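A.B. asks: Have a look at the structure that comes next, please.
The values are calculated or read from the model by the stated rules, or taken from the named source; none is laboratory data. Keep in mind the model is a prediction, meaning the values are calculated, not measured. Glycine gets a Cβ as well: all are built from the backbone with ideal geometry, and neighbour counts include every protein chain shown. Just the protein is used for accessible areas: all its heavy atoms, side chains included, with ligands, DNA and RNA removed. Shrake-Rupley method; radii C 1.70, N 1.55, O 1.52, S 1.80 Å.
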Amino acid sequence: ECFASAVPASLHYNRWIADRANQFLEQVDEPFFLFVSFPDPHHPFSPPRPHSDAYDPNDVPVPRVVEGELERMPPYYREPLDPLEQGGLERTSHLSETTLRRVIAYTYGMVQMIDQSVGQVIEQLDRRQLLDHTTIIFSSDHGELLGDHGLLHKGPPPYRQLLEVPCMIKGPDIPSSRSVNALTSHLDLAPTLLDLAGIPNGEFHTEGQSLMPLLDGRAETLRDHLFAEYHPRGMLHLYNQTIRTQQWRMTLYPEHADWGELFDLKSDPYENCNRFLDSSLETVKRELGQTLHREFPPHPVIPQRVSKW
């Protein structure tokens, strides 16, 4: 899962996707909505040259792992998962530091290629004199553990490395150089786009909120908590729900009342010390749990599995 792709960068799928986007922009002559989706960065870690050689594995930071941290977590963190489970989660204990460093360096190389591919699209917007009239949103669907916590890829764990993704927005109605530290969700993107386009929400129902008050400085926050949910594909008992506030992240497993995760993100921002069994935090657990069950009751879905992908 870690190799330099033999496909030339000029023929790589990332370049192909950017070229197709630019072909569309070459022809467009009216207001448009364009969704450009790059698969990378993602495992297998296989950027083409020169991106595979862009970063020296000896110079990248090693993953953050605290000895014994997984002993505090639900037992599936330490056991083999069903190979059909989505995300490909695996432990890194069988990998050398040399391999992990190369994985990270190749991931950086993939990110570099995405940067260049997005740059191609932005250059085309500029050539067509559309850039100053176009709103651009850059985001991602999930992150990668990349060796942190002794884990690789993704899966049931709702660690910050997986849930927190980039979100950058540029446009004619958006002040530049503003950075916002607020709890936001991809659910907010649709109402934000409608707001930017001057289109009333009408019958469009969403639990998201327009981000415009954050973008133009009218507000510093929209909400005090968010929810996340993991629907298993193979091991159905791993279904879990998460509530996240600025200080806390708590995860419950409806099929296992004795499993849970609770992290104080102020004192433990890297989520290395699970305090779910800490008796001094019973009030915190109760209040977070009440909000979770009231606003986001469990609703597991039994998948009709045909194949892994």
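A.B. asks: In the stretch 35-51, whose amide N lies under 13 Å from the spot 7 Å out along Cα-to-Cβ of Leu193? List them in ranges.
C.D. replies: It comes to 35-37, nothing else.
A.B. asks: Have a look at Arg218, Arg102, Arg160 and tell me which one the Gaussian network model of the chain (Cα, springs below 10 Å) gives the largest fluctuation.
C.D. replies: Arg218
A.B. asks: Provide Tyr270, Tyr108, Tyr253 ordered by accessible surface of protein heavy atoms (probe 1.4 Å), highest first.
C.D. replies: Tyr270, Tyr108, Tyr253
A.B. asks: Where the centre of each part is set by its Cα atoms, how far does the stretch 13-48 sit from the stretch 111-178, in angstrom?
C.D. replies: 13
A.B. asks: Using Kirkwood radius over Cα pairs in Å as the read-out, say which of (i) 21.8; (ii) 20.1; (iii) 20.7 was calculated from these coordinates.
C.D. replies: (i)
A.B. asks: Okay, moving on. Could you please put Thr98, Thr134 in sequence from largest to smallest accessible area, using a 1.4 Å probe?
C.D. replies: Per-residue accessible area, sorted high to low, gives Thr98, Thr134.
A.B. asks: Suppose each label sits 7 Å from its Cα in the direction of the beta carbon; what would the Gln304-Asn58 distance come out to in nanometres?
C.D. replies: Label-label distance for Gln304 and Asn58, simple model: 5.6 nm.
A.B. asks: So in the chain, what percent of DSSP beta bridges are antiparallel if you round to the nearest 5? The partial results should precede the final answer.
C.D. replies: Numbers: 21 of 23 bridges.
DSSP beta bridges in the chain are roughly 90 percent antiparallel.
A.B. asks: Of the residues Pro48, Pro232, Pro269, which exhibits the maximal mean-square fluctuation in a Gaussian network model of the chain defined by a 10 Å Cα contact cut-off?
C.D. replies: Maximum among the listed residues: Pro269.
A.B. asks: Would you calculate a helix-derived [θ] at 222 nm for the chain, using -39,500 (n - 2.57) for each DSSP H run of n ≥ 4 and dividing by the full residue count, to the nearest 500?
C.D. replies: -7500 deg cm²/dmol
A.B. asks: Using r as the Cβ-Cβ distance of Tyr13 and Glu282, and R0 as 45 Å, what FRET efficiency do you calculate, to the nearest 0.05? Don't jump to the answer; show the numbers that get you there.
C.D. replies: Details: r = 50 Å, r/R0 = 1.12.
Efficiency, rounded to the nearest 0.05: 0.35.
A.B. asks: If I stretch the segment between Arg78 and Asp216 completely, what's the gain in nm (0.36 nm per residue apart, minus their alpha carbon distance), one decimal?
C.D. replies: This chain segment gains 45.1 nm when fully extended.
A.B. asks: Suppose the chain between Met235 and His42 were pulled fully straight at 0.36 nm per residue; how much longer would it get relative to their current alpha carbon spacing?
C.D. replies: Here the segment from Met235 to His42 would lengthen by 67.2 nm.
A.B. asks: Here is a follow-up. Subtracting the Cα-Cα distance from 0.36 nm times the residue separation, let me have the gained length for Gln247 to His205 in nm, one decimal.
C.D. replies: 12.2 nm
A.B. asks: Could you tell me what % of all Cα pairs in the stretch 1-124 have separations over 25 Å?
C.D. replies: Value for the stretch 1-124 (Cα pairs over 25 Å): 42 percent.
A.B. asks: Less than 20 Å from a label point 7 Å out along the Cα-to-Cβ axis of Tyr270: which backbone N atoms in the stretch 41-67 qualify, by residue?
C.D. replies: In the stretch 41-67, the label zone of Tyr270 (backbone N under 20 Å from the point 7 Å along Cα→Cβ) covers 57-67.
A.B. asks: Another one. Can you list the aspartates and glutamates whose alpha carbon sits under 20 Å from that of Lys170, skipping same-chain ones fewer than 8 residues off?
C.D. replies: Filter leaves Glu30, Asp115, Glu123, Asp126, Asp132, Asp141, Asp188, Asp195, Asp216, Glu220.
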